[in-house]
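Here the structure comes first, spelled out in structure tokens, and everything after it is commentary.
We did not get these values from a lab; they are worked out from the coordinates using the rules stated. Please read all numbers here as calculations on a predicted model, not as lab measurements. All Cβ positions, even for glycine, are placed from backbone atoms using ideal geometry, and neighbour counts span all protein chains on display.
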Amino acid sequence: MSCISSVVVTPIAFRDPPLLNVSGVHEPWALRSIIEVTIEDGRYGLSESYGDEQTLSQLQTVASHLVGVDVFHLNELKSIVEASVSHKSQENGIELAPGTNQATTVPRIFAAFEVAFLDLMGKITERSVCDLLGGKVRDAVPYSAYLFYKYGHHQFSQDDWVDAWGEVLTPEDIVRSARQMIDQYGFQSIKLKGGVFEPEQELLAVRALREAFPEYPLRIDPNGGWTPETTRRLLPQMEGVLQYLEDPASGKDSMAEVHRSATMPLATNMCVIGFFDFPEAIAKQSVDVILSDHHYWGGLQATRELARVCETWGLGLSMHSNSHLGISLMAMTHAAAAIDNLTYACDTHYPWQEEEVIVGGKVSFEEGSVRVPDAPGLGVELDRDALQKLARNFQECGIRSRNDVKEMQKYDPSWTGKVPRF
Ligand SMILES: O=C([O-])C(=O)C[C@H](O)[C@@H](O)C(=O)[O-]
Ligand SMILES: [Mg+2]
């Protein structure tokens, strides 16, 4: 009754605005994979994961071993993933997806299937994924307004698609885009992607946000773009302003150096990216808050395990994102709804995306939160016409792995994407 009869992995591409970060700029298309796991009676479970070439080939390899496996047997899935994935290295900027070794590859590939297995388990048992994770501790999951500096349009793209956000390069632009996003989604906390301009200039934007939205918790994330010295010099300007400071400097040692002088919590999705990072990060006191992300921490159950580890060590827990669509958003929502100590509004890139792959189109937000559905599984169904369209985009877009550095080199041939920048 619950044995897998087929697994389909479909690479897709969707429009992505020219968002700026420390590595460079987003390309015109973001890549993802949609994973469909079907059982004998035709019911299917869904998942969404990374869409770079290396991940796709690892997903396909694992998929070819899954027919006949019982979807309740996650331990068997784990053994199959461990036995099948290879570990080639890949250099492509700061996207936290592509693993460079077995320790990061196994959780990433396992997670891609685990979510589809849980979706199916939910459909079979007629329970939501959140129920399978222990049940709701909240009815709706709050997300933050995730702001980026950005160009007005992709200067080197083949077509004339333009996103709805305009150019965002100054503190005034940042406040305007925050207002636009908050009006549309109702977010009640704000994250600014930094590491793009001189830190003093970015802190002007932070201060402008503080004045425009005095009630809203604020974070800035330069993705390791600042040296520990620069960060320490800037700390007084951020005191009393930030909810947390995310990855100002790169690596556990640099973060620990900042930590010794910082009064606000330090958060990371860069120097603690797997359970194996904990002993050193704890010993060095590098961080106070971990950003979870089920896509590379090993799935939704592993995210709950991460929550317990954080609780054990007195660390806070938040949630990281990358460019994604609604299947990922709902998986994130079910996980966050089931974790009591996930106390920060989660990150999401969702407002930056126009397209969808699920029936009903874009997921709606109420006051910045996504309601946790009670429907079986994740509570979303695949829109097969949309899937076909996005799969065609992938075939035609010519991008096979994200490379923000290479894209920025089109604008500035001397660009290296090396950190720290400031
Ligand atoms: O919090 C983060 O570090 C991210 O969201 C990483 C992403 O790759 C982000 O920097 C982006 O999309 O440019
Ligand atoms: Mg980050």
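Quick one: which of 193/418; 191/418; 78/362; 150/410; 78/389 span more than 20 angstrom between C-alpha atoms?
On the way: 193/418 17 Å; 191/418 23 Å; 78/362 32 Å; 150/410 15 Å; 78/389 32 Å.
Those over the limit are 191/418; 78/362; 78/389.
Of all beta bridges DSSP finds with both residues in the chain, what is the antiparallel percent, to the nearest 5?
Of the beta bridges lying entirely in the chain, close to 55 percent run antiparallel.
Describe numerically, in nm with one decimal, the distance between label points set 7 Å from Cα along Cα→Cβ at residue 229 and at residue 284.
Label-label distance for residue 229 and residue 284, simple model: 1.9 nm.
Most fluctuating residue of 411, 146, 350 in a GNM of the chain with Cα springs under 10 Å: which is it?
In this elastic network of the chain, the residue with the biggest mean-square fluctuation among 411, 146, 350 is 411.
Starting from the alpha-carbon convex hull of region 1-79, give the projected area averaged over all orientations, in nm². Intermediate results must be reported in sequence, preceding the final value.
Numbers: hull surface 25.7 nm².
Directional mean of the projected Cα hull area for region 1-79 stands at 6.4 nm².
Run the Debye formula on the Cα coordinates of region 360-405, all scatterers equal and no solvent, and tell me log10 I(q)/I(0) at q = 0.34 1/Å.
Each listed q corresponds, in turn, to -1.23.
Residue 81: net charge of surrounding residues, Cβ under 15 Å, Lys/Arg +1, Asp/Glu -1, itself excluded?
-1
Can you give the FRET efficiency to the nearest 0.05 for residue 101 and residue 264, using r as the Cβ-Cβ distance and R₀ = 30 Å?
Rounded to the nearest 0.05, the efficiency is 0.40.
Under 20 °C and 1.002 mPa s, how fast does region 134-371 diffuse according to Stokes-Einstein, given a Kirkwood radius computed over C-alpha pairs? Answer in µm²/s, whole number.
117
Need one number: nm distance between label points at residue 305 and residue 61, each 7 Å from Cα along Cα→Cβ, rounded to one decimal.
Here the modelled spin labels are 2.1 nm apart.
Compute the angle between helix 300-312 and the longest alpha-carbon principal axis of the chain, please, reported from 0 to 90 degrees and rounded to the nearest 10.
50
Just to be sure I follow the definition: excluding the sites themselves, where is the longest run in the chain that has none of the trypsin sites (Lys or Arg not before Pro) in a DSSP loop with at most 10 other Cβ atoms within 10 Å?
Result for the longest clean stretch: 1-259.
Could you check which residue among 235, 209, 118 shows the biggest mean-square fluctuation in a GNM of the chain with a 10 Å Cα cutoff?
Result: 235 has the largest fluctuation of those listed.
Sum up the charges of everything whose Cβ sits under 13 Å from the Cβ of residue 112, counting Lys and Arg as +1 and Asp and Glu as -1, but leave residue 112 out.
-3
Find how much the distance from residue 396 to residue 3 grows on full extension, using 0.36 nm per residue of separation minus their present alpha carbon separation; answer in nm with one decimal.
Going from the current span to full extension adds 138.0 nm.
Report, in degrees rounded to the nearest 10, the 0 to 90 angle that the Cα long axis of helix 74-84 makes with the longest principal axis of the chain.
Value to nearest ten degrees: 80.
What is the percent of Cα-Cα separations in region 236-305 that go past 21 Å?
27
Less than 10 Å Cβ to Cβ from residue 47, Lys/Arg counted +1 and Asp/Glu -1: what total charge do the surrounding residues give?
-4
Just need log10 I(q)/I(0) for the chain at q = 0.10, 0.12 Å⁻¹, Debye formula, equal scatterers on the alpha-carbon atoms, no solvent, rounded to two decimals.
Relative scattering, expressed as log10 I(q)/I(0), comes to -0.64, -0.96.
Quick one: which residues, 5 or more positions from residue 191 or on another chain, have an amide H under 5 Å from its amide H? H modelled 1.01 Å from N in the peptide plane, none for Pro or chain starts.
Under 5 Å from the amide H of residue 191: 145, 146, 147, 219.
Whole-Hz Karplus ³J(HN,Hα) for region 270-285, in order, using 6.51 cos²θ - 1.76 cosθ + 1.60 and θ = phi - 60°, x for Gly and Pro?
For region 270-285, the Karplus-derived couplings read 10, 9, 10, 10, x, 4, 4, 7, 4, x, 5, 5, 5, 4, 8, 6 Hz, x marking Gly and Pro.
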